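Here the structure is laid out as structure tokens; the discussion comes afterwards.
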Amino acid sequence: MILQLEHIYKDYVQDKLVVPVLKDVSLDVEEGEYLALMGPSGSGKTTLMIIIGFLDVPTSGSYFLAGQNVAGKNDRALAKIRNSSIGFVFQSFNLLPRQSALENVMLPLLYGGVGARERRRRAEEALEKVGLKERMKFLPTQLSGGQKQRVAIARAIVTRPKLLLADEPTGALDSTSGRQVMELFAQLNEEDGMTIVMITHDRNIAAQAKRVVFIRDGELYFEDPVLYAPASSYEAYDDSDEEDLYEDDPEEDDPNEYDSEDEDTEDYDPEVSEEDFDEEGADAGLPDAPEGSEEAEI
Ligand SMILES: Nc1ncnc2c1ncn2[C@@H]1O[C@H](COP(=O)(O)OP(=O)(O)OP(=O)(O)O)[C@@H](O)[C@H]1O
Ligand SMILES: [Mg+2]
């Protein structure tokens, strides 16, 4: 069992008001599974994923990763496990705009303490896997959305994590690029045995996973609570927010972006700021960003 969540609760406190977001979530994920997590906007999907990825802690409940109890580990230990065992893919790619594809992909290895030559070899290998080796010197602004997401996938898998977490990885992509990303995920799962947990709003995308679980108002269901609801209780589900899903501008910044509490930039943090990288990069002797690369990623 790679993941074991038992009775996870997560409350957020907003203006002294306690907002329960996850309510008694228990979930087992076997090694090599490919799981899709579906649910309306605001149901708690991202919140659950950031807990699975150690970017936040649950209010209560227990969590085992590969049999190891996560509770009680300090931030540094968690960051180390995260860096070596978990890869993240975000809807909005989260690439550093002034670093090339290659430098972006090497970053987790830098934080993992891998030497320069090996960093480069492994990053090139990961970029080759996602079909972008010939574009490794390109900046994110010089890549299409689908290519950016493939760079982000290369960055997520370069440490050879056991677990790949993806939060709406195709949400900002056209259907062709989305399909390429899905093909890559299937390959990572089937050929490399990587365990994947993917959030999606799209039933066609979810259908490519081997198992789908549903979350509604912070509660987990193992079959679709809407499809399987008796007719009489159908109205009990408030689907008014479901409409919003499709009105969202996929390029818009997610107000619920991952928010790491871990300020320790020595370890890889997907939310690490560019300033952090520049400092670290300078220390580690990384080349400066190419000239004329100051513009922000659009
Ligand atoms: N840091 C936070 N502080 C307070 N409330 C939060 C925080 N993060 C999330 N929430 C609340 O938790 C609920 C679930 O948010 P979450 O981001 O997990 O939803 P989601 O299912 O991922 O939605 P979407 O499909 O829109 O991404 C929302 O009501 C949100 O307002
Ligand atoms: Mg979300």
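The values are calculated or read from the model by the stated rules, or taken from the named source; none is laboratory data. No experiment lies behind these values; they were computed from the predicted model shown. In this analysis, Cβ positions are derived from the backbone assuming ideal geometry, glycine residues included, and neighbour counts consider all displayed protein chains.
For this structure, a couple of remarks:
- Cβ-Cβ under 9 Å pairs, at least 6 apart or on other chains, region 164-175 side away from ligand 2 (no atom under 13 Å from the Cβ), far side of a type in the set (Phe, Trp, Tyr) and part of a strand (DSSP E or B): Leu164/Phe88
- Meets criteria (away from ligand 1 (no atom under 16 Å from the Cβ) and surrounded by 16 or more Cβ atoms within 10 Å (Cβ to Cβ)) for Phe54: no
- Filter result for Thr59 (among the polar types (S, T, N, Q), surrounded by fewer than 23 Cβ atoms within 10 Å (Cβ to Cβ), more than 18 Å from the chain's Cα centre (by Cα) and within 16 Å of ligand 1 (Cβ to nearest atom)): yes
Every residue, every condition in (1) more than 14 Å from Val213 (Cβ to Cβ); (2) out of contact with any helix residue (DSSP H, G or I) (no Cβ under 6 Å at 6 or more places or on another chain); (3) modelled with pLDDT of 95 or more, yes or no:
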site	(1), (2), (3)
Pro20	yes, yes, yes
Leu27	no, yes, yes
Glu31	yes, yes, yes
Thr46	yes, yes, yes
Lys73	yes, yes, no
Arg76	yes, yes, no
Lys80	yes, yes, no
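- Failed item, numbered, when Gln208 is tested on (1) within 16 Å of ligand 1 (Cβ to nearest atom); (2) within 18 Å of the chain's Cα centre (by Cα): (1)
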